[in-house]
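Undergrad: One structure coming up, written as structure tokens, with questions to follow.
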Amino acid sequence: MYKKRIIDKYLDSITKVFNAVNIIGPKGSGKTTTAKQRAKTVIEFQNEEARDNLLLIASTSPIQFLKNPKPILFDEWQDAPKIWGTIRKNCDDNPKDTGSFYLTGSSSKKIETPHTGTLRISTIRMNPMSLFELGYSNGTVSLKKLFDNPNSFKGCKSSMSIEDVIDAICIGGWPKTLNYQDIKSKLLIAKDLFKQTYLFDVSSIDKSLKNHNWSKLIIQSYARNISTLADTKTIYQDVKSNSSISEMTFHAYLNALEELCIIEDIEAWCPAIRSQSNIRSKRKRNFVDPSIAVASLGLSREYFYKDFKTLGFFFESLCARDLKIYSSVEGGFMSYYRDRYGLEADGVLHLDDGRYALIEYKLGESEVEKAANHLCEIENLVKEYNKKEKQCPLRLPDLKIIITASEYGYKRKDGVFVIPIGCLKD
């Protein structure tokens, strides 16, 4: 039984405009499964029984595939790269036939196409599943509704315990975990994904990168620095202390991990409210899913019960993942704010219409007051800036939110929303 994904809403809208959709994203995120729900014809180039014949057709007369009932899904299309140009030509010839083709494939296969497919083939990103999609979050607070009508929020209550949060971090948002009931089986998914990444995928996407141990060390170093502003040089020195890797090769491995959609850093938000020299502009280190970091370090669920400081970094990564998923239909993306005076917002969620939310992530209630003060201070900085820059004022934050792992959600007198991660949805 297929479980509806948040990306389905975006696909509904994008396929009304574009003839073809290329779905990219990390391995195991459910790209092919989602596309299959929408296709009348599925061409699977990895099907060993039909592979030779399919590849022969694809190399000699790929237009034959287009005679099948549409929409048509081409899975692992990178094995037959002529498919891209064939679809592109069909889009030119039949501009009104929107939603006719889906392309999916492994993120470890890098193919250079002669044409970009711009305005014909729309490329969209698929993430792992969010807590709401997985069934952890009760979804009583809609992020979209909160942006559209903040006064609609009347409080909420999460049923997620801290143990549930830890489980969600360790298991990850991989659709395959839904096939199993026991925790031990679910945990194996992220562990295997980590192993496949450093043993095979990095070398597959870049044939020149062959050292499995270097791949493993880089992922582990990234995991140790998750949700921090550690610079690239720090991570390189950490890896170099246990290997002979050169700096140039190190960067090649990093690029491969980014192309595989494994590491996914968060950029700094640098508004004009303070001197650029006072605002931190380093990238915040992150993964597409915190479970990869957990697996790479060999951490157990029980470990986090004793180390809440480390748990806080992984919780931030979990929240950033979910916020990106929940806001994806609205073109959302994440950044962060931090300056040398100690003022920070762990996250800044931007929508494509210019609206944004200042966000802090806190495990419990004890740090809510300090976090709320930070968010209000940043808002005040924007107000002060606007008094001086009347011609080009900055937009005030539309929302100030503290996301917690606690039970109750409420709105403070200063306008800050305190919302448990176990209540959010898109």
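Undergrad: Across the Cα atoms of the stretch 143-196, what radius of gyration and what greatest pairwise Cα-Cα distance (Dmax) are found, in Å?
TA: For the stretch 143-196, the Cα-based Rg and Dmax read 16.2, 47 Å.
Undergrad: Determine ³J(HN,Hα), in whole Hz, for all residues of the stretch 257-268 in sequence, where each value follows from phi through the Karplus function 6.51 cos²θ - 1.76 cosθ + 1.60 and θ = phi - 60°; x replaces Gly and Pro.
TA: So the J values, rounded to whole Hz, are 5, 5, 5, 7, 6, 8, 8, 8, 5, 10, 7, 7.
Undergrad: Among the listed pairs LYS31/LYS176; LYS233/LYS284; LYS40/LYS324; LYS144/LYS324; LYS4/LYS36; LYS4/LYS309, give every one whose C-alpha distance is greater than 23 Å. The partial results should precede the final answer.
TA: Numbers: LYS31/LYS176 12 Å; LYS233/LYS284 14 Å; LYS40/LYS324 30 Å; LYS144/LYS324 12 Å; LYS4/LYS36 12 Å; LYS4/LYS309 35 Å.
Checking Cα-Cα distances, LYS40/LYS324; LYS4/LYS309 exceed 23 Å.
Undergrad: Loop by DSSP (not H, G, I, E, B), at most 10 other beta-carbon atoms within 10 Å: where is the longest site-free stretch of the chain for GluC sites (Glu not before Pro)?
TA: 113-426
Undergrad: Could you grab the Rg to Rh ratio for the stretch 381-426? Cα atoms only, Kirkwood for Rh.
TA: Radius of gyration over Kirkwood radius for the stretch 381-426 works out to 1.18.
Undergrad: Oh, and also: Of all trypsin sites (Lys or Arg not before Pro) in the stretch 6-68, which ones are in loop regions per DSSP and have a Cβ with at most 15 other Cβ atoms within 10 Å? Show your work: numbers first, answer last.
TA: Details: sites: LYS9, LYS16, LYS27, LYS31, LYS36, ARG38, LYS40, ARG51, LYS67; in loops: LYS16, LYS27, ARG38, LYS40.
Counting only loop positions with at most 15 other Cβ atoms within 10 Å, the trypsin sites (Lys or Arg not before Pro) in the stretch 6-68 are LYS16, ARG38, LYS40.
Undergrad: For the stretch 84-179, state the average projected area of the convex hull of the C-alpha atoms over all orientations, rounded to one decimal in nm².
TA: Values: hull surface 41.1 nm².
If I average the Cα hull's projected area over directions, I get 10.3 nm².
Undergrad: For ARG283 paired with ASP414, estimate the spin-label separation in nm (one decimal), with each label point 7 Å from Cα along the Cα-to-Cβ line.
TA: Once both label points are built, they end up 3.3 nm from each other.
Undergrad: Taking only the alpha-carbon atoms of the stretch 302-426, what semi-axes of the equivalent ellipsoid follow from 5 times the gyration tensor eigenvalues under a square root, in whole Å, largest first?
TA: 26, 17, 13
Undergrad: On to the next question. Report the net charge of residues surrounding LEU55, where surrounding means a beta-carbon distance below 11 angstrom and charges are Lys +1, Arg +1, Asp -1, Glu -1. Can you show the working numbers first?
TA: Numbers: positive: ARG51, LYS82; negative: ASP52, GLU76, ASP79.
Spelling it out: positives minus negatives among the neighbours equals -1.
Undergrad: Another one. If the viscosity is 1.567 mPa s and the temperature 4 °C, what translational diffusion coefficient in µm²/s does Stokes-Einstein give for the stretch 154-307 when Rh comes from Kirkwood over Cα pairs?
TA: Details: Rh = 17.1 Å.
Rounded to a whole number, D works out at 76 µm²/s.
Undergrad: For the stretch 99-239, what percent of Cα pairs sit more than 21 Å apart?
TA: Values: 6466 of 9870 pairs.
When all Cα pairs of the stretch 99-239 are counted, 66 percent exceed 21 Å.
Undergrad: What does the charge count around LEU297 come to, taking other residues whose C-beta lies under 15 Å from its C-beta (Lys +1, Arg +1, Asp -1, Glu -1)?
TA: Here the charged neighbours net out to +4.
Undergrad: Oh, and also: Could you tell me what fraction of 2.2 N^0.38 Å the Cα radius of gyration of the stretch 1-131 comes to, as a two-decimal ratio?
TA: 0.99
Undergrad: Can you figure out the FRET efficiency of ASN373 with LYS4, using R₀ = 41 Å and their beta-carbon distance, to the nearest 0.05? Could the numbers behind the result be given before it?
TA: Details: r = 39 Å, r/R0 = 0.96.
Once the sixth-power term is evaluated, E becomes 0.55.
Undergrad: Given a cut-off of 11 Å, what percent of all Cα-Cα pairs of the stretch 297-342 lie beyond it?
TA: 74
Undergrad: Also, quick follow-up: Stokes-Einstein at 20 °C, 1.002 mPa s, Kirkwood radius from Cα pairs: D for the stretch 229-370 in µm² s⁻¹? All intermediate terms of the calculation are to be shown ahead of the outcome.
TA: Values: Rh = 16.9 Å.
Answer from the Stokes-Einstein relation: 126 µm²/s.
Undergrad: Over the Cα atoms, compute the radius of gyration (one decimal) and Dmax (the largest Cα-Cα distance, rounded to a whole number) for the stretch 269-316, in Å.
TA: Final numbers for Rg and Dmax: 15.5, 44 Å.
Undergrad: What number, in nm² with one decimal, is the all-direction average of the projected area of the convex hull of the alpha-carbon atoms of the stretch 155-231?
TA: Average projection, Cα convex hull of the stretch 155-231: 8.0 nm².
Undergrad: Under 16 Å Cα-Cα from LYS16, which lysines qualify once same-chain neighbours fewer than 8 residues away are excluded?
TA: Correct list for LYS16: LYS70, LYS96.
Undergrad: Which one, VAL17, THR404, PRO420, is farthest towards the positive end of the dipole of the chain when Lys and Arg carry +1 and Asp and Glu -1 on their Cβ?
TA: The listed residue farthest towards the positive side: VAL17.
Undergrad: Tell me the mean residue ellipticity at 222 nm calculated for the chain from its helices only (DSSP H runs of n ≥ 4, each -39500 (n - 2.57), averaged over every residue, nearest 500).
TA: Taken over the chain, the calculation gives -11500 deg cm²/dmol.
Undergrad: Still on this structure, I have one more. Among the aspartates and glutamates, which have Cα under 18 Å from the Cα of LYS186 when same-chain residues fewer than 8 positions away are ignored?
TA: The reachable aspartates and glutamates, counting only those whose Cα sits under 18 Å from LYS186, are GLU133, GLU163, ASP164, ASP167, ASP289, GLU302.
Undergrad: Also, quick follow-up: Can you give the FRET efficiency to the nearest 0.05 for ARG224 and LYS96, using r as the Cβ-Cβ distance and R₀ = 51 Å?
TA: Details: r = 53 Å, r/R0 = 1.03.
For ARG224 and LYS96, the calculated efficiency is 0.45.
Undergrad: Continuing with the same structure: Divide, for the stretch 23-68, the radius of gyration over alpha carbons by 2.2 N^0.38 Å, where N is the residue count.
TA: Relative to the rule-of-thumb radius for its length, the stretch 23-68 sits at 1.31.
Undergrad: Working only with C-alpha atoms, what are the Rg and Dmax values of the chain, expressed in angstrom?
TA: Final numbers for Rg and Dmax: 22.6, 70 Å.
FYI, it's all coordinate maths here, none of it is from the lab. All values derive from a computational prediction rather than experimental measurement. Glycine also receives a Cβ, built like all others from the backbone with ideal geometry; neighbour counts cover every protein chain displayed.
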